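The values are calculated or read from the model by the stated rules, or taken from the named source; none is laboratory data. Model, not experiment: these values are computed from the prediction. When we count neighbours, we look across all protein chains shown, and the Cβ atoms used for this are built from the backbone with ideal geometry, even at glycine.
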Amino acid sequence: MSNPDQEEESTAEPEEEEAKEEATQESVEGGEASTPEEEVETAEAETEAPEAPEAAEAEQPAPGEEEIEVVEEKVYTIPLRHVWVVTPRGKRAPRAVRDVRNYVARHMKSEEVAVSNEINSELWGRSINKPPRKITVRAVKDKEGKVIVYPAKGA
């Protein structure tokens, strides 16, 4: 009795050898003497994109900010210490998110305020019980009056 796994291995080896032989024959016929490994390396080198588009991407704004026409942009340090004093321990992070929205809405004179995922992660980073005592944010207002809150660039 023979093992089917062994048969597959024995049949796979001649196919690989045939492929290597064909590659070397093609390279010899073409006038170049190269190995299949060299051909793979040259194929990878040809598929690499030039560096110019990468430089252009670095100049563009972040993906979430592409569509926004910025009318006003301000940086605020929002104190959240009263969240610790006034709010019960199990409700502090949601209260901190609400307070950030209210603070930005009041200071940017807008009704529509969206909090980015980065800010939300900072507020919830140490669980529901321990939001930060203060947070520095960058508020961006577009031409429609909607405000989006991002983390401050330097913080």
Looking only at the stretch 114-129, and only at residues there that are over 25 Å from E144 (Cβ atoms) and hydroxyl-bearing (S, T, Y), the one that is nearest to the chain's Cα centre (by Cα): S121
Might you check whether a residue that is out of contact with any strand residue (DSSP E or B) (no Cβ under 7 Å at 6 or more places or on another chain) and at pLDDT 95 or above occurs anywhere in the stretch 132-145? yes
Tell me, please, whether a residue that is farther than 13 Å from I135 by Cα, assigned by TED's automatic domain parsing to the domain that holds D142 and of a type in the set (D, E) can be found in the stretch 99-112. yes
Counted residues in the stretch 102-119 being loosely packed, with under 15 Cβ neighbours inside 10 Å and on the phi < 0 side of the Ramachandran plot come to 8
Quick check: anything in the stretch 127-143 without any contact (Cβ under 8 Å) to a residue 40 or more places away in the chain and either outside any loop (DSSP other than H, G, I, E, B) or among the β-branched types (V, I, T) (or both)? yes
